[in-house]
Structure formats: C-alpha cells, structure tokens
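The values are calculated or read from the model by the stated rules, or taken from the named source; none is laboratory data. None of these values were measured; they are calculated from a predicted model. As a convention, Cβ positions derive from the backbone with ideal geometry for all residues, glycine included, and neighbour counts pool all protein chains shown. For the accessible areas, the whole protein counts, side chains as well, though only heavy atoms, and no ligand, DNA or RNA atoms are used. Shrake-Rupley method; radii C 1.70, N 1.55, O 1.52, S 1.80 Å.
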Amino acid sequence: MFANIIVDITHEKLDKIFQYRVPSNLEKRLKIGMEVVVPFGRGNRKTKGYIVGFSEQCDYDLAKIKEIIGIAEKSVAIEARMVALAAWMKEHYGGTMIQALKTVLPIKRQENLKVKKYVRLLLDETAGREKLDFYLNKNQKARARLLAALLDEGTLEYDLVVKKLNISRTVIRALEEQGVAILESEQIYRNPIQKRAVMQKEVAYTEDQKKAIESIWQGLMEGKEGTPESREAWLIHGVTGSGKTEVYIELIDRMVRRKMQAIVLIPEIALTYQTVMRFYHRFGDRISIMNSRLTQGERYDQMMRARNGEIDVMIGPRSALFTPFPNLGLIVIDEEHETTYKSEQVPRFHARETAIARAKIEGAGVILGSATPSLEAMYRAKTGRYGLVVLRNRAQSDASMAVVHTVDMRQELKRGNRSILSRKLYELMADRLKRKEQIMLFLNRRGYAGFLSCRECGHVIKCPHCDVSLATHKGGRLVCHYCGYEQRRMQVCPECGSNYLGEFLAGTQQIEDIVRQAFPQAAVLRMDLDTTREKNGHEKILSAFANEEADILIGTQMIVKGHDFPNVTLVGVLAADMSLYADDYRAGERTFQLLTQAAGRAGRSHKPGMAVIQTYSPEHYSIVSAALQDYDTFYKEELHYRKVMGYPPVEHLLAVLLTCQEEALLKKGADYLKMFANRLNGRGEMQIIGPASPSVGRVNDVYRKVVYLKCQKYDTLIEVKNKLEQYIEINSGYQTIRVQFDFDPMHVF
C-alpha cells in the first residue's frame with residue numbers, strides 16, 4: 001500500500017503529492033489526515049507531512065519510493081472531511097496545500113492532558129467488613145484506614161487518599177494486588193466557561209421570529225433532502241434588537257434534539273461573553289468557546305471535547321469554523337457583514353464562503369444574520385442563491401428604534417466650538433447622567449493614534465521602514481503600527497528645521513481625557529485594543545458596564561457590535577466619516593454598517609434611545625441612510641456604484657500582491673506577471689489593472705506591488721489563478737518575490 005502525502009514545507013515548488021510506501025506495521029494504524037514522519041530529499045532528512053489519500057498502485061518509479069518512518073509524536077489528525085475542505089480552500093484562495101491543511105487544524109499538536117485519579121472499592125459490604133477485621137487483627141493500620149474510608153465512600157480521590165489519609169502508593173498497590181480496590185484515572189478536560197446556575201426562561205417569540213424559525217427550518221430540512229428548492233444559506237436581515245440570537249438558539253436546539261452539533265461564529269472576541277451567556281441559559285455545559293485568548297491546553301481540550309461528542313455548540317471567531325464535530329448540522333455566522341471574517345493570512349479565506357463549502361461537504365445548513373448585511377449576502381439573497389427572512393421590528397414590544405441626530409461639525413467650528421464633543425452631544429450626555437442612564441461613545445481609532453507634522457512646511461514624520469506616518473503615543477513616543485519601529489518625539493522638523501511641530505490627535509485615550517474633564521462626576525470605562533490585551537480583558541470591562549459600575553463606555557469598533565445594555569439610552573459617534581474616504585471601494589458600506597450598528601446600541605429596552613452622529617459629510621448617502629436606519633435605500637445606492645465600477649458583488653475581483661526587498665526586481669516581476677495575465681485574457685473577459693503600488697507601498701523595508709483582475713465569472717479567475725501559480729513555479733525569477741492571491745478582497749491594498 002502507498003500513502004499520498006503533502007510534506008510540511010511551505011514552498012510552491014513542493015506543493016504537490018509525494019508517494020511513500022506504507023510499512024506493514026503501520027498498515028492498520030494510518031488514516032487520512034494523520035501527520036507522519038517521512039524521509040525527504042537527497043539527504044533523507046526527517047520531515048513531517050499529512051496523509052491525504054491511499055493507493056494500491058504506485059504512480060512513480062517503484063525503485064525510488066521511500067518508506068514512511070512513523071507517526072509523528074503528539075500529532076493531531078485532521079478529519080478526512082477537513083482534508084477535502086482544505087483542498088477546496090487551496091483551489092479557491094491560493095497558497096499551498098500545507099497552508100490550507102494547517103488552517104483547518106485549529107490545534108497543531110497534543111497538549112499535556114489533565115488526569116484525575118481515584119481509588120475504588122471492589123468488594124461488597126460483607127466482604128469488605130471481613131477484610132477490615134483481618135487488617136485490624138494483623139495490625140495493618142494504614143490498610144485498615146484506607147479500607148474503612150472506602151467502605152464509607154465507595155470511591156475516593158487519589159490526592160485525598162495520599163494527602164489527607166496519609167496513605168502511601170505502596171498501601172494502595174497492596175490492596176490492588178489483593179483484589180480489594182483498584183486505582184483508576186479519568187481524563188479531565190479544561191473548560192474555559194465557568195459553571196453558572198442555569199435559569200431556563202420561557203421564550204415568547206414575536207410573530208416575525210416565529211415565521212423566520214419555521215421558514216428557515218423548512219428550508220434546512222429541504223436542503224438535507226436535496227430538493228431543488230434548497231438554498232446555499234439563509235440570510236436573516238433583522239434590525240438591531242430584533243431577536244436574531246433567539247432565532248439562532250431555537251434552530252440550534254432543534255438540531256441538537258436530532259443529535260447534531262452547531263457552530264456559532266461571532267466577529268469579535270469581545271462578543272464572546274454576552275453571546276455565551278445567552279446560549280448557556282439554553283444548553284448549559286453542552287457549549288464551549290474557541291478563540292485565541294485560550295491557552296494551547298484549553299484549545300486542545302475544546303477540540304477533543306467536540307470530537308468526542310461532549311459538547312453540542314461551539315462559539316467563537318473565525319477559527320471556530322474548523323471545530324471537528326462528528327455530526328455537524330448547522331453553522332451560524334452572526335454579524336456576517338464584519339470584515340474580521342476574512343483572513344489576512346494565506347490562504348486568505350472568507351468564513352462565509354468556507355462555511356458554505358464545509359456545509360456542502362458535511363450535509364449541514366448555514367445561517368447568516370445581520371442588521372446591515374454585506375452587499376454580497378443581500379445580492380445573493382435577492383438573486384435566489386440564499387433564502388431571505390426579514391425581522392422589521394425590535395423583539396421587545398416597548399422598545400423602539402433610536403432617534404438619530406446628525407450634527408454637521410463644520411457648523412460647530414463656525415460657531416466657535418472646537419471641542420470633539422458637539423453641543424448637542426454634550427447636552428444630551430449631561431441629561432442622561434442626571435437620569436442615571438448610560439452612554440456609549442464610539443470612535444474608530446485607538447490610543448493617541450494621531451500623527452506629527454510640521455505646521456511650517458507640512459512635512460509628516462514617517463517610519464523609515466514603511467510608507468506610513470508614525471503615530472503619537474503617551475510618553476513622547478512615536479510608533480509605527482505596521483513594523484513596530486519606535487522613536488522619541490522630536491522637537492524640530494527634520495525637513496526645514498522649524499519648531500512648529502504639531503500633533504493631530506483623535507484617539508480613544510484623548511476622548512477619555514476630554515470626557516473626564518467635562519464630566520468629572522461620571523465613572524468612565526475605555527475599551528480598545530490597549531485595555532483588553534490581558535486574558536478576559538473584554539469580559540471584565542463589559543461585565544462592569546453591564547453591572548452599571550460605569551456611566552460612560554468609550555471604545556473602538558468592538559463596543560458597537562452586538563452588545564445589549566438595557567440602560568444605554570445615548571450613543572455618540574465621533575468623527576463618523578473617518579472611514580468614509582479611505583482608499584477602499586467598500587468605504588461607504590463600512591461607514592453605513594458602523595453607524596447603523598452604533599445607533600442600534602441605544603434604546604434596546606423600554607427606555608427610549610438617542611444617537612448623535614457627528615460628521616463633516618452629512619449629505620453622503622451612507623450617512624443619510626444610517627441616520628434613517630434605511631438599509632434598502634443604501635443598498636440601491638451602493639449597488640449602483642458597484643455596477644458602474646465593476647466591483648463585487650456584481651463582478652469578481654482577484655488581487656495579486658507581490659512583495660520583494662528589491663524594488664527593481666519587484667517591478668520587473670509584476671510587469672511580467674501582467675504580461676502573462678494578458679496572454680490568458682484571449683477572449684477579453686477580464687479587466688487587468690496595474691501593477692501599482694498599494695496605499696502602503698513599503699512595510700519593514702519590503703516593497704509591494706499589486707495587480708487587479710476583474711471578471712464577472714468567478715471560475716474564470718480561479719483558472720487564471722491556477723495558471724499564474726504554474727507560471728510562477730517554473731520561472732526562477734520569482735524565487736525572491738512572494739506572490740499572494742486574494743479573491744474579492746475586503747479592502748483595496
């Protein structure tokens with residue numbers, strides 16, 4: 001027998017299957033997905049690889065076939081179905097097969113297992129009493145003490161026996177040899193969710209929720225039967241506070257009752273705490289979480305619990321998609337519009353498309369939910385690829401949508417207000433604090449992340465290794481957020497020698513300082529990347545705010561995504577158009593989504609809510625639509641723009657990013673790649689743009705170029721990608737040029 005193996009070397013020239021002979025002692029032990037050790041290359045260097053298949057026939061010269069050395073120590077096998085998913089990811093997103101295999105394997109190696117030992121009595125009451133009398137008559141006090149305790153309890157923890165009863169291992173072994181007791185061990189899995197009292201609540205669904213549940217359930221069952229009416233996925237378009245999570249939970253509960261499992265993807269670790277609590281009330285200890293804040297041991301244990309069928313629901317960000325459930329029934333992607341569902345590492349996969357691919361492989365269903373669906377999801381729903389249900393009203397009958405005020409900051413400046421807080425927002429904040437109600441202030445930047453520039457000549461202080469400005473931080477530090485370069489703040493302009501160096505500040509730390517000065521009586525919390533670095537940092541801040549230990553929560557995007565605080569009646573959006581004029585075709589969509597989600601945090605209970613959007617572009621359609629909470633109008637405007645410009649979802653876009661330390665070599669390689677792409681464009685189906693330098697043309701002394709290919713047919717771009725990979729592999733000039741592919745990128749490079 002021969003095994004088809006992908007070696008664990010990330011290099012395009014080695015991205016192919018190698019055959020190895022299976023030794024007789026491993027024939028019955030090896031399975032698809034196992035990690036093995038093989039001899040590789042001329043020196044037969046020991047190298048690890050993954051088995052992707054078996055064959056009775058040898059496809060190469062039999063005399064040159066080498067033999068598998070053994071199974072890799074502490075390796076974690078990839079499920080066979082996940083190997084198929086990895087192959088799909090490689091085909092659709094580029095990169096190497098080994099990169100795809102490692103992506104679908106959340107845990108790369110076994111971790112030390114926690115084991116609990118017990119001593120259990122083997123004798124019945126009568127025989128035990130007789131044996132106890134024998135020990136006492138023989139003056140065997142330690143054996144008698146242990147047996148007496150076992151007669152009372154039946155089973156004792158090993159640590160208690162050794163430490164509390166002062167019994168040695170020799171005594172326990174003696175009782176084992178005499179058939180009196182036995183030492184047993186049980187593997188204990190680490191559980192990142194602390195056990196809490198479960199209070200089952202009777203859920204009263206709204207009419208909208210009932211219709212959504214029944215419609216989707218019927219569609220999911222039709223999908224399992226393979227009827228023509230089945231959809232790739234179901235999209236729930238529900239306004240903020242409409243009860244999408246309750247719909248998810250009910251549908252998952254129905255799957256669990258059919259002995260199937262579910263994965264729930266959330267866009268941010270910050271959402272884990274509140275989401276987990278809502279699921280915990282329904283499913284108790286049968287849920288778990290998977291995210292990067294867990295230790296390697298905790299992550300390994302959660303994967304094993306899922307594989308062994310000890311949990312029914314896994315909740316987490318993008319990586320939770322690869323949970324190895326034995327009978328997956330449903331994948332839910334909450335806030336499906338979020339950009340965090342797109343990986344920035346090779347392979348640059350999107351969780352939405354990959355979830356649909358996994359669901360097809362395993363016969364599962366997919367549900368997408370959002371108050372502001374991505375244009376891709378809504379476009380597919382309107383063209384029939386996805387099913388669509390709409391929740392138009394908030395779940396609580398006495399909860400209404402927030403009243404939104406748009407403030408033109410240009411007018412504020414004309415009236416002499418130079419504060420970052422408009423007069424309207426300041427007045428409303430003072431009013432809410434008097435009422436003992438809570439406030440959220442959202443800014444899409446963290447820290448003191450401004451920049452330093454010369455007021456005399458306009459020179460901006462930049463990183464010497466990257467084409468970006470250095471960000472100002474407390475303590476007189478200038479930091480590059482791309483490569484980590486850091487230097488002390490200078491007092492004189494290096495370009496013209498002027499002393500007029502000024503900071504342009506707009507960060508969460510500065511907002512916190514301003515708010516504390518304006519409202520000294522208020523308790524203020526700040527939530528951004530800096531304040532949530534430590535483990536459970538998100539949970540501590542959110543728990544404190546939920547318990548009303550603070551009046552004002554200031555934060556970045558993580559505070560406006562999916563949180564539910566009943567006492568929040570005011571949301572302030574500072575610098576609303578900060579993301580509007582980014583060098584990105586999705587800028588309008590992102591701005592609309594952020595503003596709508598932010599406004600949706602206010603008034604989620606019986607208290608009416610208000611939102612204040614501060615902007616320098618009050619007339620832009622994304623801001624006007626967000627203020628009106630009008631998704632349909634925004635969708636029509638944005639889709640028209642995408643059609644005119646030929647952007648997704650109307651057409652597909654393949655970004656080819658090339659990086660190299662030699663600028664001249666990079667330019668030459670990018671030009672040749674474009675020339676080859678032009679030869680592939682014989683029928684003129686594609687539009688080829690570039691090569692050009694992206695918005696950041698150099699990072700850490702590595703130069704960057706990008707070529708864009710537009711085409712209506714996604715399959716055509718996949719074919720082109722495959723041929724470009726072959727072209728790169730056979731041309732030695734690309735040995736020092738790194739090439740990455742990104743389909744329908746979430747931003748323009």
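Collect the residues in region 272-314 that are within 16 Å of Lys114 (Cα to Cα), crowded, with 20+ Cβ neighbours inside 10 Å, modelled with pLDDT of 85 or more and not aliphatic (A, V, I, L, M), keeping them in residue-number order.
Gln302
Cβ-Cβ below 6 Å, separation at least six or inter-chain, first residue in region 408-432 and open to solvent by 70 Å² or more (accessible area, probe 1.4 Å), second of a type in the set (Val, Ile, Thr): which pairs?
Close Cβ pairs (under 6 Å, with a partner that is of a type in the set (Val, Ile, Thr)) amount to Lys424/Val407; Lys424/Val612.
Considering only residues that are buried (at least 18 other Cβ atoms within 10 Å of the Cβ) and charged (D, E, K, R), which ones fall in region 340-361?
Hits for region 340-361 are Lys342, Arg348, Arg352, Glu353, Arg358.
Would you point out which residue out of Arg129, Arg120 is outside any helix (DSSP H, G or I), in contact (Cβ under 8 Å) with a residue 12 or more places away in the chain, charged (D, E, K, R) and surrounded by 13 or more Cβ atoms within 10 Å (Cβ to Cβ)?
On the way: Arg129 fails: outside any helix (DSSP H, G or I).
From the options Arg129, Arg120, the qualifying one is Arg120.
Could you name every one of the strands (runs of 3 or more DSSP E) located completely within region 433-491 that has at least 2 residues being modelled with pLDDT of 80 or more and either within 29 Å of the chain's Cα centre (by Cα) or under 25 Å from Leu553 (Cβ atoms) (or both)? Step through it out loud before you land on a result.
Numbers: elements: 438-442, 450-454, 471-473, 477-479, 486-488.
Ranges flagged: 438-442.
Could you check, for region 338-352, whether at least one of its residues is within 29 Å of Gly555 (Cβ to Cβ), among the hydroxyl-bearing types (Ser, Thr, Tyr) and more than 11 Å from the chain's Cα centre (by Cα)?
Taking region 338-352 as the starting set, the residues that turn out to be within 29 Å of Gly555 (Cβ to Cβ) are 338-345, 348-352.
Okay, now just the ones that are also among the hydroxyl-bearing types (Ser, Thr, Tyr), so 339-341, 343.
Remaining after also requiring more than 11 Å from the chain's Cα centre (by Cα): none.
No - not one qualifying residue is present in region 338-352.
Looking at region 84-92, can you tell me whether even one residue there is over 24 Å from Lys721 (Cβ atoms), open to solvent by less than 10 Å² (accessible area, probe 1.4 Å) and not in a loop (DSSP other than H, G, I, E, B)? Give the derivation first.
Initial filter on region 84-92 (over 24 Å from Lys721 (Cβ atoms)): none.
Taking every residue of region 84-92 in turn, none turns out to be over 24 Å from Lys721 (Cβ atoms), open to solvent by less than 10 Å² (accessible area, probe 1.4 Å) and not in a loop (DSSP other than H, G, I, E, B).
So in region 1-48, with the set limited to residues that are over 10 Å from Ile68 (Cα atoms) and among the small types (Gly, Ala, Ser), which one is surrounded by the most Cβ atoms within 10 Å (Cβ to Cβ)?
Gly33
Restricting attention to region 703-723, report how many residues are open to solvent by less than 10 Å² (accessible area, probe 1.4 Å) and either part of a strand (DSSP E or B) or over 14 Å from Phe741 (Cβ atoms) (or both).
4
Got at least one residue in region 559-569 being modelled with pLDDT of 85 or more and closer than 20 Å to Val407 by Cβ? Write out each step before concluding.
So the first thing to find is which residues in region 559-569 are modelled with pLDDT of 85 or more, and the list is 567-569.
Still in the running and closer than 20 Å to Val407 by Cβ: 568-569.
There is at least one residue in region 559-569 that is modelled with pLDDT of 85 or more and closer than 20 Å to Val407 by Cβ.
Step by step: first the residues of region 665-688, then only those that are aliphatic (A, V, I, L, M) and surrounded by 14 or more Cβ atoms within 10 Å (Cβ to Cβ), then the one that is farthest from Leu654 (Cα to Cα). Which residue is that?
Within region 665-688, the first condition is being aliphatic (A, V, I, L, M), and the residues that meet it are 665-666, 670, 673, 675, 677, 680, 686, 688.
The next check asks that each one be surrounded by 14 or more Cβ atoms within 10 Å (Cβ to Cβ); those that pass are 665-666, 670, 673, 677, 680, 686, 688.
On the way: Leu665: 22, Leu666: 19, Ala670: 15, Leu673: 14, Ala677: 12, Leu680: 14, Met686: 10, Ile688: 10 Å.
Filtering region 665-688 for residues that are aliphatic (A, V, I, L, M) and surrounded by 14 or more Cβ atoms within 10 Å (Cβ to Cβ), the one farthest from Leu654 (Cα to Cα) comes out as Leu665.
Going through Lys16, Lys48 one at a time, which residue ends up being assigned to a strand (DSSP E or B), under 18 Å from Gln99 (Cα atoms) and charged (D, E, K, R)?
Values: Lys16 fails: assigned to a strand (DSSP E or B).
Answer to the selection: Lys48.
Look at Tyr426 and say whether it is among the aromatic types (Phe, Trp, Tyr) and either over 21 Å from Tyr341 (Cα atoms) or not in a helix (DSSP H, G or I) (or both).
Details: among the aromatic types (Phe, Trp, Tyr): yes; either over 21 Å from Tyr341 (Cα atoms) or not in a helix (DSSP H, G or I) (or both): yes.
Criteria met by Tyr426.
Quick check: anything in region 371-380 under 12 Å from Leu265 (Cβ atoms), of a type in the set (Ser, Thr, Tyr) and modelled with pLDDT under 95? Talk me through it step by step, then tell me what you get.
Step one: of region 371-380, the residues under 12 Å from Leu265 (Cβ atoms) are none.
Scanning region 371-380 turns up no residue that is under 12 Å from Leu265 (Cβ atoms), of a type in the set (Ser, Thr, Tyr) and modelled with pLDDT under 95.
When you go through Thr591, Thr615, Thr596 one by one, which is the residue that is at pLDDT below 90, polar (S, T, N, Q) and in contact with a strand residue (DSSP E or B) (Cβ under 9 Å, 6 or more places away or on another chain)? Steps first, please.
On the way: Thr591 fails: in contact with a strand residue (DSSP E or B) (Cβ under 9 Å, 6 or more places away or on another chain); Thr596 fails: in contact with a strand residue (DSSP E or B) (Cβ under 9 Å, 6 or more places away or on another chain).
Of the residues listed, the single one that is at pLDDT below 90, polar (S, T, N, Q) and in contact with a strand residue (DSSP E or B) (Cβ under 9 Å, 6 or more places away or on another chain) is Thr615.
Taking only pairs six or more apart or across chains, which ones have beta-carbon atoms under 9 Å, a first residue in region 56-81 that is within 17 Å of Phe18 (Cβ to Cβ) and of a type in the set (Ser, Thr, Tyr), and a second residue that is open to solvent by less than 50 Å² (accessible area, probe 1.4 Å) and at pLDDT 85 or above?
Tyr60/Phe18; Tyr60/Gln19
Sort out for me the helices (runs of 4 or more DSSP H) sitting completely within region 158-234 that have 1 or more residues that are among the acidic types (Asp, Glu), exposed (fewer than 11 other Cβ atoms within 10 Å of the Cβ) and modelled with pLDDT under 90. First the steps, then the outcome.
On the way: elements: 158-163, 169-177, 207-225.
Correct list: 207-225.
Met578 is checked against (1) out of contact with any strand residue (DSSP E or B) (no Cβ under 8 Å at 6 or more places or on another chain); (2) buried (at least 17 other Cβ atoms within 10 Å of the Cβ); (3) within 20 Å of Leu421 (Cα to Cα); (4) modelled with pLDDT of 80 or more and fails just one. What number does that condition carry?
(4)
Which of the residues that make up region 141-157 are open to solvent by 60 Å² or more (accessible area, probe 1.4 Å) and either within 14 Å of Arg173 (Cα to Cα) or among the acidic types (Asp, Glu) (or both)?
Answer for region 141-157, where residues must be open to solvent by 60 Å² or more (accessible area, probe 1.4 Å) and either within 14 Å of Arg173 (Cα to Cα) or among the acidic types (Asp, Glu) (or both): Arg143, Asp152, Glu153, Glu157.
Does region 397-407 hold any residues that are out of contact with any strand residue (DSSP E or B) (no Cβ under 6 Å at 6 or more places or on another chain), under 26 Å from Phe592 (Cβ atoms) and surrounded by fewer than 16 Cβ atoms within 10 Å (Cβ to Cβ), and which are they? Reasoning before the result, please.
Residues of region 397-407 that are out of contact with any strand residue (DSSP E or B) (no Cβ under 6 Å at 6 or more places or on another chain), as a first pass: 397-401.
Among the residues that remain, those that are also under 26 Å from Phe592 (Cβ atoms) are: 399-401.
Listed by number, the list holds a single entry, Ser400.
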